[in-house]
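Data first, discussion second: the structure below is written as C-alpha cells.
The values are calculated or read from the model by the stated rules, or taken from the named source; none is laboratory data. Bear in mind the structure is a predicted one, so any value in this text is a computation, not a measurement. When we count neighbours, we look across all protein chains shown, and the Cβ atoms used for this are built from the backbone with ideal geometry, even at glycine. Keep in mind that these areas ignore ligands, DNA and RNA; they rest on the heavy atoms of the full protein, side chains included. Shrake-Rupley method; radii C 1.70, N 1.55, O 1.52, S 1.80 Å.
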Amino acid sequence: MTEPILTLTGVSKTYKGGFTALHGVDLSINKGEIFALLGPNGAGKTTLISIVCGIVTPSTGTIRVGGHDAVRDYKAARTLIGLVPQELSVDMFETVLATVTFSRRLFGRSGHSEYIEQVLRDLSLWDKRNNKIMELSGGMKRRVLIAKALAHEPEILFLDEPTAGVDVALRRDMWKLVHSLRERGTTIILTTHYIEEAEEMADRVGVINKGRLLLVDEKAALMQKLGKRELDLTLVDALDMVPAGFEQWQLSLVNDGHTLRYVFDATEEDTGIPSLLRALGERHIAFKDLETSKSSLEDIFVDLVEERA
Ligand SMILES: Nc1ncnc2c1ncn2[C@@H]1O[C@H](COP(=O)(O)OP(=O)(O)OP(=O)(O)O)[C@@H](O)[C@H]1O
Ligand SMILES: [Mg+2]
C-alpha cells in the first residue's frame, strides 16, 4: 500500500456572501499517483486546490500535506507543493530565467541550478530563457507557469486546467511531461474539463459537481464499473423511427436512420443482444454490419453529473 501524501477530511468552503463552493470533501491522494479532478465550470475544483495551497482558508475540515497541517503548519506544507494556477499570473517584464529562478529562491533554494536548466529544457523554454514573458506565445506562457511551479522541486504538483487554450501538439507534450514527472516520483493532481485528458493521464479520477465529490475511483475500474456499451447495427434500409414493439431494449436511430443503436450494460449477465437480434429477424429488419464500442469516460461523466444534479 502506498501512503497518502495528501489528505482532506471534511473540507467545506463557504465564501463571504454565503455561497458554499465545497461541501464536506474527503479525499486521499497517494504518493506518486496522477489524480484527475474532473468537473464542469464552477464545480469547486479551483477552490479545492486553493485551499490545499493555502490561498483560500477552509470553513471546516483539515488538510494534511506530507504529515503537515496545511493551515497550522502552512510553510512546511506549502514547500512540498508546486501550483500551476488556472489564470496567468506572471510579471510580463521579467525574463523567463529570472522568473523561474525567483520562484526557486522564494522557497530558500539556491538560485543557480542545473535543475532549472533541465526544467526549462524539458518544457522547450531554454531557447527563450532570456526573453521577456510578454514576448512569448500564450502556450509558452503556460509552460513558464509550469516551470515556476517546478522551480523549488516540489513533491506534489497541482495543475489547474493545464491544457486550457493549448494546441493539440502542446497538449501531448504536456501529457508526456506529466508522465516523466511521475517517473521521478512527483505526485500530480490536475483539474480538467477534458475527459480525454483524465482518460489519457490519470491513475484515479474524482468527479466533482456543485461542490460535492461524487465519486473517486481507479480510472480503469470506473470505466468498467459504469461502462455502458453500444451496439451499432448498420441497417440495409434506413428507418424513420424505432419500430414499435422494441421498448424492452434501449434503442435509438443515428446516422439519418441508417444505424440502429442499442445501449446495454456489459456487466449484466444477459446483455439483451441475442433476443434483440432474434426480434429484428422476426420483423425482417435486416442489417449488414454490426459493431460494439465502449462508452467513453465522457458518457459516464455526463451521466453522473446529470443524474445527481
Ligand atoms: N472568491 C470567491 N467568492 C465567492 N464565490 C466564489 C469565489 N471563488 C469562487 N467562487 C464560487 O465558487 C464556485 C466554485 O468555483 P471554482 O473556481 O472553485 O470552480 P471550478 O471548478 O474551478 O470552475 P472552472 O472549471 O470554471 O475553473 C463558483 O460558483 C464560484 O462562483
Ligand atoms: Mg477552476
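Pairs linking a residue in segment 154-165 that is on the phi > 0 side of the Ramachandran plot to a residue that is part of a loop (DSSP other than H, G, I, E, B) and within 13 Å of ligand 1 (Cβ to nearest atom), with Cβ atoms under 8 Å and 6 or more positions apart or on different chains, are Glu161/Gln86; Glu161/His193. Scanning segment 109-143 for residues that are in contact with a helix residue (DSSP H, G or I) (Cβ under 7 Å, 6 or more places away or on another chain) and under 26 Å from Gly66 (Cα atoms) turns up Gly111, Ser113, Ile116, Val119.
What is the number of the single condition among (1) in a strand (DSSP E or B); (2) over 24 Å from Asp289 (Cα atoms); (3) small (Gly, Ala, Ser) that Ala220 does not meet? Condition (1) is where Ala220 drops out. For segment 197-205, the count of residues that are buried (at least 19 other Cβ atoms within 10 Å of the Cβ) and either without any contact (Cβ under 8 Å) to a residue 12 or more places away in the chain or within 16 Å of ligand 2 (Cβ to nearest atom) (or both) is at least one. Would you call Lys45 of a type in the set (D, E, K, R), in contact (Cβ under 8 Å) with a residue 60 or more places away in the chain and closer than 30 Å to Glu306 by Cβ? Yes. Among the residues of segment 108-131 satisfying the criterion of being among the polar types (S, T, N, Q) and at pLDDT 95 or above, which is least open to solvent (accessible area, probe 1.4 Å)? The extreme case among them is Asn131. Taken as a whole, the structure leaves Lys16 outside the set of residues that are more than 16 Å from ligand 2 (Cβ to nearest atom), under 21 Å from Gly82 (Cα atoms), open to solvent by 50 Å² or more (accessible area, probe 1.4 Å) and out of contact with any helix residue (DSSP H, G or I) (no Cβ under 6 Å at 6 or more places or on another chain). Just one of the listed residues (Thr20, Thr79) is touching a residue at least 60 places away in the same chain (Cβ under 8 Å), among the β-branched types (Val, Ile, Thr) and within 12 Å of ligand 1 (Cβ to nearest atom), namely Thr20. With respect to the stated conditions, Val144 is under 19 Å from Ser103 (Cβ atoms) and more than 16 Å from ligand 2 (Cβ to nearest atom). Taken as a whole, the condition of being within 16 Å of ligand 1 (Cβ to nearest atom) and either surrounded by fewer than 18 Cβ atoms within 10 Å (Cβ to Cβ) or assigned to a helix (DSSP H, G or I) (or both) applies to Arg142. Consider Thr62 carefully, then state whether it is polar (S, T, N, Q), within 22 Å of the chain's Cα centre (by Cα) and closer than 19 Å to Asp26 by Cβ. So Thr62 fails the test. If you go through segment 152-193 and keep only what is at pLDDT below 85, of a type in the set (Lys, Arg) and closer than 22 Å to Gly206 by Cβ, you end up with just Arg171.
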